[in-house]
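The values are calculated or read from the model by the stated rules, or taken from the named source; none is laboratory data. As the structure is a prediction and not an experimental result, all values here were calculated from the model. Note: ideal-geometry Cβ built from the backbone for every residue, glycine included; neighbour counts use all protein chains shown.
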Amino acid sequence: MHPTVVISAYRQALDDMLNILKDISTPVEVNNRDMMLKIINSAINTKALSRWSTLACNIALDAVRTVELEENGRKEIDIKKYAKVEKVPGGIIEDSCVLKGVMVNKDVTHPRMRRLIKNPRIVLLDCSLEYKKGESQTDIEISREEDFARILQMEEEYIQQICEDIIRLKPDLIFTEKGISDLAQHYLMKANITAIRRVRKTDNNRIARKFKIGKS
């Protein structure tokens, strides 16, 4: 049999299959939660998961809805990039839930900084809040105590200027991918600003996407 005949038959079979699928298919409203849960249940329900199928279906749907972003009429759902499974020791399976926000496993840099902030103004940084030494090695010979004191003063003035620039923005919360010096922590704490340091770039991107803010 000639290959063109075989290809023609396969093409006809494909057309017939698509027509049958159109006839038996059912339109689905993606905003109908009950309908979506039924579809998810038919896809993931197995013997091993049957005991927690309701919980698993709700978590799966809520996770997708949480990372869903619509811009200019186009929906973007990137589970791999913006959804994360965090395992916390203790508890039971029924305690599992979807956190509708961004979880960052970090503590505040100063014990007197606020830990509970509602509707915060957020600043995202990819720079350090500490004295930046020169990229090339520099040797300084200090012969007087006044010179050493002046060098320390210059470092303090540098940190103070950076912190004052940030404080002028009146943020409640700062995330930075780099370090924060003790002096910078002091200035920020006095301004009632909470700071979190050494945040991963992926977490910074998640925060920016969630709250639709730019990164400085």
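Only residues in region 103-130 that are within 15 Å of SER181 (Cα to Cα) count as the first member; pair them with residues that are exposed (fewer than 14 other Cβ atoms within 10 Å of the Cβ), Cβ under 6 angstrom, at least 6 apart or cross-chain, and list the lot.
Hits for this filter: LEU125/SER216; SER128/GLY179; GLU130/GLY179.
Being surrounded by 11 or more Cβ atoms within 10 Å (Cβ to Cβ) and more than 16 Å from CYS163 (Cβ to Cβ) is the filter; apply it to region 125-146 and report the residue that is modelled with the highest pLDDT.
Looking at the filtered set, the residue picked out is ASP126.
Taking region 104-128 as the region of interest, how many residues are of a type in the set (A, V, I, L, M) and assigned to a loop (DSSP other than H, G, I, E, B)?
Matching residues across region 104-128 total 5.
Restricting the search to region 65-96, which residues are in contact with a Leu (Cβ under 9 Å, 6 or more places away or on another chain) and not in a strand (DSSP E or B)? Spell out the reasoning first.
First, pick out the residues of region 65-96 that are in contact with a Leu (Cβ under 9 Å, 6 or more places away or on another chain): 66, 75-78, 82, 86, 93-94, 96.
Residues satisfying the conditions are THR66, ILE77, ASP78, TYR82, GLU86, ILE93, GLU94, SER96.
Picking from LEU183, LEU169, which residue would you name as being surrounded by fewer than 19 Cβ atoms within 10 Å (Cβ to Cβ) and assigned to a loop (DSSP other than H, G, I, E, B)?
Within the list LEU183, LEU169, the selection yields LEU169.
For residues that are part of a loop (DSSP other than H, G, I, E, B) and of a type in the set (Gly, Ala, Ser), scanning just region 186-216, find the one that is farthest from the chain's Cα centre (by Cα). Even if it seems obvious, please write down each step before you answer.
Of the residues in region 186-216, the ones part of a loop (DSSP other than H, G, I, E, B) are 191-193, 197-200, 212-216.
Then drop every residue that is not of a type in the set (Gly, Ala, Ser), which leaves 191, 214, 216.
On the way: ALA191: 26, GLY214: 13, SER216: 16 Å.
Restricting to residues being part of a loop (DSSP other than H, G, I, E, B) and of a type in the set (Gly, Ala, Ser), the top hit is ALA191.
Of the residues ILE159, ILE122, ILE117, only one is farther than 30 Å from LYS84 by Cβ and at pLDDT 90 or above; which?
The match here is ILE159.
Exactly one condition in (1) surrounded by 10 or more Cβ atoms within 10 Å (Cβ to Cβ); (2) over 30 Å from ILE92 (Cβ atoms); (3) modelled with pLDDT of 90 or more; (4) not charged (D, E, K, R) is false for ILE24; which is it?
The single condition ILE24 does not satisfy is (1).
Out of all the residues in region 67-102, which are surrounded by 10 or more Cβ atoms within 10 Å (Cβ to Cβ), out of contact with any Phe, Trp or Tyr (no Cβ under 8 Å at 6 or more places or on another chain) and either within 24 Å of LEU116 (Cα to Cα) or small (Gly, Ala, Ser) (or both)?
Those that are surrounded by 10 or more Cβ atoms within 10 Å (Cβ to Cβ), out of contact with any Phe, Trp or Tyr (no Cβ under 8 Å at 6 or more places or on another chain) and either within 24 Å of LEU116 (Cα to Cα) or small (Gly, Ala, Ser) (or both): TYR82, ALA83, LYS84, SER96, CYS97, VAL98, LEU99, LYS100, GLY101, VAL102.
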